[in-house]
Amino acid sequence: MRALFLVNFVLCILLPFSATAQTTKSHGIAIHGEPGYPADFTHFNYVNPDAPKGGEIRIASEGTFDSFNPYIIKGVPGPGFTPESLLVSSADEAASAYGLIAKSLEWPEDRSWVTFTLRPEARWHDGVPITVDDVIFSWETIRNDAGPYVKNYYAILKEVEKVGDNQVKFTSGEPGNREFPIRAGSLPIFAKHYWENKDFSKSTLEPPLGSGPYKVTDFEAGRYVVQERVKDYWGKDLPVNKGQDNFDKIKTTYYHDDDVIKLAIKSGEIDYRNERSSSAWAQDYDVPAINKGWLKKESIPHKRPQGIQGFFYNTRRDIFKDPKVRKAIGYVYDFEWSNKNLSFGLLTRTTNYFGNSELSSTGIPKGRELEILEKYRGKVPDSLFTETFHVPTSDGSGWPRHNYRKAFELLAEAGWVVKDLKLVNEKTGEQMSFEMLVSSKGMERTILPFVTSLSKLGIDARIRLVDRSQYINRIRDFDYDIVIIKLSASITPGTEQRGFWTSETADKKGSGNFAGIKDPVIDELVEAIANADDREELVATVRALDRVLLWGFYVIPQFHTEDDRVLYWDKFSRPNVTPWRGTSTSYWWFDSDKEAALMASMAKNELTQEAKTTDNDEKPVAESPATNEPFFDPLIVDTFLNNFEKLGLNPETIKDLFTFQIFADPNAFFKKDNWRPYALGISLLIIVRWFIRRRRRNRGQI
């Protein structure tokens, strides 16, 4: 009896300590291993903690916006909704996060739950404290009113409860999922007292109450948004924020056409641009401002995973259900010709879903990856085990005869034959026909050679150009045959992969499963990724998924770049260290000394030009003080072109009238062989102006 008492006594003492030993309390967390920054870190290594605050940066965005809520599927969101999260990740680690609204977090060994302790100093912009009630309200709002992709992303959060005045506990719907604490910590926190009497599911042009370093102070729907730094921002001195968010003002201007954005950066209308077009990078920026060093043009290397950009088949369409058809069409895409003739050889062909990282599959499967795939023999192509996957290549001549022959063979196996120079279904007699959905002229020009090549096979392929708003809505509704999508990749993939590839999301409008994939093998691999116990298991499983996706031919991979190509006016500075994820203006700052030098150089140049004009007794050419660009305001050009297009006319006929330096160098302009369309455009402008003035005169307005 006494011995039993002693045993119970010892157990009563040891069990609490055992339970305590099984939990971890920390300032941060990593999915695998330990976070790289210690509890007493003062700032991230890739920022300048002494960066000065001040100045303005003006950036551009293509398209329009009619909402400030990016978490729902209604409307086209613009910048301005600034909720923060409990944790924030670092840009130089694979998968670590540190406290932002949360001061600390605690979790058990199996990560079945996580408790966050909130910072008492955290405040909304109206001064009201951020509370546990806000966190619970945010979880309920996401669960009930957010769009499908956002809902799915946070579906792992099974329960949220208040366990103290400033403590909130999240319970996982998937015990053992190592990503769960970071996923819970990434939940955007909304102000309950602001939203509780509003309908979150509806789009809004009222900038919502936030808690971040910026808030909207001015905007015009579809045109621009001005955000100003919150001077008394509660989190400005936190280690995770030091050296970041340095501009006093950020202005985002919307343009309907990317060519006008190029004009805007060259004319000094905007300050910064990330150039995505290799052809534009190679030939559109030979301007005085760059030659004189006023406008900087730099390639900044990065090491982030590339993800995949490509032509996504909508396998919900009957025409694309057969993988042989999908594979055949891939043989027609001539990347080598397009890269050489349209992109000056500056692009790299994408060959994986997780390229530029250790996650991409190579060669034939082996080791742990092979072990994972073995149980799916008979459910995946046999060639997956014996052949290295290769995207079709050509000699760049523009006539890949071997590829066309291979495409015809595959199409014949799938039941398609050529009759009267048309590729038709041998059972129905209907011609193969589909559309490629795009939202910009630049994208249209890029894929036009592909469409031309498809026509050589008797395929009726067309390009459907729509405005940005319609484009977004059609993608949300899966209303397309083929669409170009760029999916970013994480260095540590997790449950977010469900939204891209699984059967569960294939028919959920607004999800990221653009190809409509429904494959039990892929479903299982995605779940295995989410539950990988260590980095080695994660890498092997992601490689297996990558390989199965490639052999499913759901996407025709396009290309990527291995650097960030940026243009910016020389009045900014940035840290010497670039994180592997790449540069970001969040770490840049306004440099008053550089701006003074820039203004002085421009003023000196203007005086020199005036002196030359006086000496030569010539009439000065029309130029802007900065770049010798046309004196048209890019906003006026953009508005004009947009209205011109609404009339059913082709704005390309006159666009170069504005973007070409006709006023800076008229002799060069009229040496162009295609000057006649410009003359037609000028004549049309004169006629329209005369017609408008006549109508006004008849109405007595002038």
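Pop out the ³J(HN,Hα) list for segment 595-603 in order, Karplus 6.51 cos²θ - 1.76 cosθ + 1.60 with θ = phi - 60°, rounded to Hz; leave Gly and Pro as x.
Per residue, the Karplus-derived 3J(HN,Hα) values read 5, 4, 5, 5, 4, 5, 5, 5, 5 Hz.
Let me spell out the model: positive unit charges on the Cβ of Lys and Arg, negative unit charges on the Cβ of Asp and Glu, origin at the Cα centre of segment 308-560. What dipole size does that give, in debye rounded to 20?
For this selection, approximately 820 debye.
Just the projected area, averaged over all directions, of the convex hull on the alpha carbon atoms of segment 281-323: how many nm²?
Over all viewing directions, segment 281-323 projects a mean Cα-hull area of 6.1 nm².
Roughly what % of DSSP beta bridges within segment 308-560 run antiparallel, to the nearest 5?
The antiparallel fraction comes to roughly 65 percent.
Using Cβ contacts closer than 10 Å as the measure, can you line up V466, V542, V332 from fewest to most?
Ordered by Cβ neighbours within 10 Å, fewest first: V466, V332, V542.
Across all directions of projection, what mean area in square nanometres is found for the Cα convex hull of segment 500-605?
Mean orientational projected area (segment 500-605, Cα hull): 11.4 nm².
Report the label-to-label distance for R377 and R401 in nanometres (one decimal), using points 7 Å from each Cα along the Cα→Cβ vector.
In this crude label model, R377 to R401 measures out at 4.1 nm.
Can you give the Rg to Rh ratio of segment 166-273, both from alpha-carbon atoms, with Rh computed by the Kirkwood formula?
Result for segment 166-273 is an Rg/Rh of 1.06.
Kirkwood hydrodynamic radius, segment 51-253, all distinct C-alpha pairs: what's the number in Å?
Final number for the Kirkwood radius of segment 51-253 is 17.8 Å.
Can you compute 3J(HN,Hα) from phi for each residue in segment 297-304, using the Karplus curve 6.51 cos²θ - 1.76 cosθ + 1.60 with θ = phi - 60°, rounded to whole Hz and x for Gly and Pro?
10, 9, 9, 10, x, 9, 10, 6
Could you state, as a whole-number percent, how many of the C-alpha pairs of segment 308-560 are farther apart than 27 Å?
38
So, in nm, how far is label A603 from label D165 when the simple model puts each one 7 Å beyond its Cα toward the Cβ?
5.8
Let's test the formula: R0 of 45 Å, r as the Cβ-Cβ distance of D110 and E562. What FRET efficiency results, to the nearest 0.05?
The calculated FRET efficiency here is 0.70.
Which of T446, Y480, G494 sits closest to the plus end of the dipole of segment 445-502, meaning its Cα is farthest towards the positive end, when Lys and Arg get +1 and Asp and Glu get -1 on the C-beta?
It is T446, whose Cα lies furthest towards the positive end.
Exposure proxy check: E409, E106 ranked by fewest other beta carbons within 10 Å?
E409, E106
Per 5 Å bin, what percent of the C-alpha pairs of segment 430-497 does each bin hold, from zero upward?
3, 14, 22, 18, 15, 13, 8, 4, 1, 0
May I ask you to sort D284, D546 by Cβ crowding, counting other Cβ atoms within 10 Å and putting the fewest first?
By the 10 Å Cβ count, ascending, the order reads D284, D546.
Among rounded, prolate and oblate, which fits segment 375-454 when a ≥ b ≥ c are the square roots of the eigenvalues of its C-alpha gyration tensor, a/c under 1.5 means rounded, and a/b larger than b/c means prolate?
Verdict is oblate for segment 375-454.
Testing the spin-label approximation: label points 7 Å from Cα along Cα→Cβ at T217 and E527. State their distance in nm.
Label at T217, label at E527, 5.3 nm between them.
What does the charge dipole of segment 268-420 about its Cα centre add up to, to the nearest 20 debye, if the Cβ of each Lys and Arg holds +1 and the Cβ of each Asp and Glu holds -1?
Roughly 300 debye, rounded to the nearest 20.
Throughout, read-outs are computed from the coordinates displayed, never taken from laboratory work. Note that the structure is predicted; figures quoted are calculated from it, not measured. Please note: Cβ atoms are built from the backbone with ideal geometry, for glycine as well, and neighbour counts cover all protein chains shown.
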